[in-house]
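To start, the structure under review is shown below, and the notes come after it.
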Amino acid sequence: MVAGPKALPPDFQFILACMKLYNYYRSSASFRVRIAMQLKGLAYEYVPIHLARGDHKNPDYQAVAPDMLVPVLETDDGTRLSQSMAIIEYLDETYPEPALVPKDPLARARVRALAQSIACEIHPLNNLRILKYLVRDLKLDEDAKNTWYRHWCREGLISLERQLEQLPAATYSYGDTPTLADCCLVPQIFNAQRFEVDFSGLPRTMAAFDACMKLDAFQKAQPSACPDNEP
């Protein structure tokens, strides 16, 4: 008699069944998705891709992510999705509670505008690729690179603050529950803290950040909680 297949340990079966998130602990874009998944209570296998070391350029990872970026979400059936904003909206449509994007069209547009002010205006000028290019190709020293970061980050946060001032009072960026905007805000503030950006004169922005950091979902998603965190 041929023995049947040996049963997998329960934990191993769980890992096989859940989603995978290819990400880097310091990546703002990855951090956004981790927040969204924590808010929705979604389990996933954490797959670290060390950007600073260049792991995203390895051929094996290029087969996973043709753009050689993080994050990449691999769903239960092996489908892979890239770009943090698209991933979060996919998760919001697939796992609708709690909602991260409002159902009302106007509110939805407001939240997306706040999120894109960070993801499309602030972040692209300050991500790792840009900072490395400034040093490697343009020969800026460390002080000049950090000055670049602080200038453009603060300019973007001042713009965000002006937008928040035009909105009704809220606990978070928009309303009294976290949204896509907060998924973008918190990682940006974390990175800005590392570069010692000036946060003065940003009361609405920092109040939203502080409110988010009182929630377990944001604490569990932060870089220091990641398995690839480097002190």
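Under the 0.36 nm per residue contour assumption, what length would be gained going from the current alpha-carbon distance of LEU167 and SER224 to full extension?
Gain in length upon complete extension: 17.3 nm.
Nothing charged except the Cβ atoms of Lys and Arg (+1) and of Asp and Glu (-1): what's the magnitude of the dipole of the range 104-231 about its Cα centre? Round to the nearest 20 debye.
Roughly 280 debye for the range 104-231.
Taking 8 Å as the Cα distance limit and 6 or more residues as the minimum spacing, I'd like the relative contact order of the range 17-98 as a percentage.
37
Which value, in debye to the nearest 20, describes the size of the charge dipole of the chain about its Cα centre when Lys and Arg Cβ atoms bear +1, Asp and Glu Cβ atoms bear -1, and nothing else is charged?
260
What stretch of the chain, leaving out the sites themselves, is the longest with no trypsin sites (Lys or Arg not before Pro) in a DSSP loop having at most 13 other Cβ atoms within 10 Å?
Looking at the chain, 140-213 is the longest stretch - no exposed trypsin sites (Lys or Arg not before Pro) with at most 13 other Cβ atoms within 10 Å.
Based solely on its DSSP helices, what 222 nm [θ] is calculated for the chain when runs of n ≥ 4 H residues each add -39,500 (n - 2.57) and the sum is averaged over all residues, nearest 500 deg cm²/dmol?
-15000 deg cm²/dmol
Rounded to whole Hz and in sequence order, give me ³J(HN,Hα) for the range 119-135 from the Karplus expression 6.51 cos²θ - 1.76 cosθ + 1.60, θ = phi - 60°, writing x for Gly and Pro.
Karplus values, whole Hz, x for Gly and Pro: 6, 10, 10, 7, 4, x, 7, 10, 7, 4, 4, 5, 5, 5, 5, 4, 7.
Exceeding 26 Å between C-alpha atoms, which entries from my cross-link table qualify? They are LYS20/LYS57; LYS40/LYS145; LYS20/LYS220; LYS20/LYS139.
With Cα atoms farther than 26 Å apart: LYS40/LYS145; LYS20/LYS139.
If all Cα-Cα distances of the chain are sorted into 5 Å bins from 0 onward, what percent lands in each bin, rounded to whole numbers?
Here the calculated profile for the chain is 1, 6, 13, 17, 19, 16, 12, 7, 4, 2, 1, 1, 1, 0, 0, 0.
Over what distance in Å are the Cα centres of the range 142-178 and the range 200-225 separated?
After rounding, the separation between the Cα centres reads 13 Å.
Can you list residues whose amide H is under 5 Å from MET19's amide H, if they're 5+ apart or on another chain and H is modeled 1.01 Å from N?
Under 5 Å from the amide H of MET19 lie the amide H atoms of GLU45, each far enough along the sequence or on another chain.
Each residue of the range 207-223 in order: what ³J(HN,Hα) in whole Hz does its phi give by Karplus 6.51 cos²θ - 1.76 cosθ + 1.60, θ = phi - 60°, with x for Gly and Pro?
With the stated coefficients, the range 207-223 comes to 5, 5, 4, 4, 5, 4, 6, 7, 9, 4, 4, 6, 5, 6, 8, 5, x Hz.
Would you mind estimating how fast the range 90-167 diffuses translationally, via Stokes-Einstein at 4 °C and 1.567 mPa s with the Kirkwood radius over Cα pairs, in µm²/s?
The calculation lands on 88 µm²/s.
Could you calculate the contour length gain from ARG80 to GLN62, that is, 0.36 nm times the residue separation minus the distance between their Cα atoms, to one decimal place in nm?
Full-extension gain reported as 5.2 nm.
Write down the Å³ per residue value for the convex hull defined by the alpha carbon atoms of the range 181-231.
81
None of the figures in this text is laboratory data; all of them are computed from the coordinates on show. Note that the structure is a prediction, hence the values are computed from the model and not measured. Please note: Cβ atoms are built from the backbone with ideal geometry, for glycine as well, and neighbour counts cover all protein chains shown.
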